[in-house]
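Participant: So that we are looking at the same thing, I have put the structure below in structure tokens.
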């Protein structure tokens, strides 16, 4: 739907930020058409918003700046993409054994999409994920314990990492604050990154579940190198050009 060009520059930029928050990315040509303005106008708006630290420009558009958000806010962002990722990743979850889930809204969406299992234990540092798993027959959810990270709600710290290291798991399902071919996976805090490092170090395979807004994003603390990731699950078709930066480094589904 065309919004019309009667918006002021301030109103237009507020609209751009709202669209970015809802969709996880902005594509210049698409947004210019919907707002009934030129691509040059959108590029100028994005440049000014980037100068204010409100987004990051990428080829053809913009993506959010990676910041820590409460779980409830993260869960609402890119919900459609997270649902697609969950449906793809479901086929990888075994019926029995021991696996680990990190404390991300994407992985909570995966937990909520799961059905009963035969005898599956899931170790997690996320209370919302554990609550979702507790409703499933044949699934035992174990919380790592630890200190609650105030900006995200994740369980982190010495207790979380020590308990995570006590388990050897078949698979670790994780999301990330950003994934980049050079920087690897990065998180909004060192405490978050440390727990994920321990989970991955004690898992036979790590499955990274990340929507496309996380691609080419770099946050503050490195968690995993891409050679530690067995598979990348996104909402995109594996042949999508947006995955080209990681092609050959990790398997896609």
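The values are calculated or read from the model by the stated rules, or taken from the named source; none is laboratory data. The structure presented is a predicted model; accordingly, all values stated were derived computationally and were not measured. Don't worry about glycine lacking a Cβ; one is built from the backbone with ideal geometry, like all the others, and counts go over all protein chains shown.
Participant: Does the range 197-212 contain any residue that is in contact (Cβ under 8 Å) with a residue 60 or more places away in the chain and either in a helix (DSSP H, G or I) or not assigned by TED's automatic domain parsing to the domain that holds residue 148 (or both)?
Facilitator: Within the range 197-212, one or more residues are in contact (Cβ under 8 Å) with a residue 60 or more places away in the chain and either in a helix (DSSP H, G or I) or not assigned by TED's automatic domain parsing to the domain that holds residue 148 (or both).
Participant: Oh, and also: Looking only at the range 179-186, decide whether some residue is surrounded by 24 or more Cβ atoms within 10 Å (Cβ to Cβ), under 16 Å from residue 252 (Cα atoms) and touching a helix residue (DSSP H, G or I) at 6+ places or on another chain (Cβ under 6 Å).
Facilitator: Filtering the range 179-186 for residues surrounded by 24 or more Cβ atoms within 10 Å (Cβ to Cβ) gives 179, 185.
Narrowing further to those that are under 16 Å from residue 252 (Cα atoms): 179, 185.
Subsequent filtering for residues that are touching a helix residue (DSSP H, G or I) at 6+ places or on another chain (Cβ under 6 Å) retains 179.
Yes.
Participant: Let me ask another. Given the options 85, 107, name the one that is modelled with pLDDT of 95 or more, within 21 Å of residue 216 (Cβ to Cβ), part of a helix (DSSP H, G or I) and assigned by TED's automatic domain parsing to the domain that holds residue 175. Walk me through it before giving the result.
Facilitator: Numbers: 107 fails: within 21 Å of residue 216 (Cβ to Cβ).
That would be 85, the only listed residue that is modelled with pLDDT of 95 or more, within 21 Å of residue 216 (Cβ to Cβ), part of a helix (DSSP H, G or I) and assigned by TED's automatic domain parsing to the domain that holds residue 175.
Participant: Does any residue of the range 237-245 turn out to be assigned to a loop (DSSP other than H, G, I, E, B), in contact with a strand residue (DSSP E or B) (Cβ under 6 Å, 6 or more places away or on another chain) and surrounded by 13 or more Cβ atoms within 10 Å (Cβ to Cβ)? Steps first, answer last, please.
Facilitator: As a first pass, look at the range 237-245 and keep what is assigned to a loop (DSSP other than H, G, I, E, B): 237-240.
Pick out the ones that are also in contact with a strand residue (DSSP E or B) (Cβ under 6 Å, 6 or more places away or on another chain) and you get 238.
Retained after the next criterion (residues that are surrounded by 13 or more Cβ atoms within 10 Å (Cβ to Cβ)): none.
No.
Participant: Mind checking whether some residue in the range 62-71 is exposed (fewer than 13 other Cβ atoms within 10 Å of the Cβ) and either at pLDDT below 90 or under 15 Å from the mean Cα position of the chain (by Cα) (or both)? Full working, then the answer.
Facilitator: Here is the first cut: in the range 62-71, the ones exposed (fewer than 13 other Cβ atoms within 10 Å of the Cβ) are 67, 70.
Then drop every residue that is not either at pLDDT below 90 or under 15 Å from the mean Cα position of the chain (by Cα) (or both), which leaves 67, 70.
Yes; the residues of the range 62-71 include at least one that is exposed (fewer than 13 other Cβ atoms within 10 Å of the Cβ) and either at pLDDT below 90 or under 15 Å from the mean Cα position of the chain (by Cα) (or both).
Participant: If you don't mind, another one. Being under 17 Å from residue 107 (Cβ atoms) and in a strand (DSSP E or B) is the filter here, so list the residues in the range 213-236 that pass it.
Facilitator: Within the range 213-236, 223, 224, 231, 232, 233 qualify.
Participant: Is it the case that residue 98 is assigned to a strand (DSSP E or B), over 23 Å from residue 220 (Cα atoms) and without any contact (Cβ under 8 Å) to a residue 60 or more places away in the chain? Spell out the reasoning first.
Facilitator: Working: assigned to a strand (DSSP E or B): yes; over 23 Å from residue 220 (Cα atoms): yes; without any contact (Cβ under 8 Å) to a residue 60 or more places away in the chain: no.
Here the answer is no, as residue 98 does not meet what is asked.
Participant: Could you list, in sequence order, all residues of the range 214-234 that are over 18 Å from residue 93 (Cβ atoms) and surrounded by fewer than 23 Cβ atoms within 10 Å (Cβ to Cβ)? Talk me through it step by step, then tell me what you get.
Facilitator: Of the residues in the range 214-234, the ones over 18 Å from residue 93 (Cβ atoms) are 214-228.
Residues satisfying the conditions are 216, 217, 218, 220, 221, 222, 225, 226, 227, 228.
Participant: Restricting to the range 148-173, name every residue that is at pLDDT below 95 and touching a strand residue (DSSP E or B) at 6+ places or on another chain (Cβ under 8 Å).
Facilitator: We begin by selecting, within the range 148-173, every residue at pLDDT below 95; these are 148-154.
Within the range 148-173, 148, 149, 154 qualify.
Participant: Suppose the filter is more than 19 Å from residue 228 (Cα to Cα), touching a strand residue (DSSP E or B) at 6+ places or on another chain (Cβ under 6 Å) and in a helix (DSSP H, G or I); does residue 130 pass it?
Facilitator: Working: more than 19 Å from residue 228 (Cα to Cα): yes; touching a strand residue (DSSP E or B) at 6+ places or on another chain (Cβ under 6 Å): yes; in a helix (DSSP H, G or I): yes.
So residue 130 passes the test.
Participant: Those residues that are under 21 Å from the mean Cα position of the chain (by Cα) and surrounded by fewer than 17 Cβ atoms within 10 Å (Cβ to Cβ), I need them from the range 144-169; list them, please.
Facilitator: Within the range 144-169, 148, 150, 151 qualify.
Participant: Here is a list: 186, 140, 176. Which entry is in a loop (DSSP other than H, G, I, E, B), in contact with a strand residue (DSSP E or B) (Cβ under 6 Å, 6 or more places away or on another chain) and either closer than 17 Å to residue 222 by Cα or modelled with pLDDT of 95 or more (or both)? Spell out the reasoning first.
Facilitator: Working: 186 fails: in a loop (DSSP other than H, G, I, E, B); 140 fails: in a loop (DSSP other than H, G, I, E, B).
So the residue among 186, 140, 176 that is in a loop (DSSP other than H, G, I, E, B), in contact with a strand residue (DSSP E or B) (Cβ under 6 Å, 6 or more places away or on another chain) and either closer than 17 Å to residue 222 by Cα or modelled with pLDDT of 95 or more (or both) is 176.
Participant: Among residues belonging to the range 1-35 that are surrounded by 13 or more Cβ atoms within 10 Å (Cβ to Cβ) and assigned to a loop (DSSP other than H, G, I, E, B), point out the one that is modelled with the highest pLDDT.
Facilitator: Out of the qualifying residues, it is 25.
Participant: Kindly establish whether residue 134 is farther than 20 Å from residue 203 by Cβ, touching a residue at least 60 places away in the same chain (Cβ under 8 Å) and surrounded by fewer than 23 Cβ atoms within 10 Å (Cβ to Cβ). Walk me through it before giving the result.
Facilitator: Numbers: farther than 20 Å from residue 203 by Cβ: yes; touching a residue at least 60 places away in the same chain (Cβ under 8 Å): no; surrounded by fewer than 23 Cβ atoms within 10 Å (Cβ to Cβ): yes.
So residue 134 fails the test.
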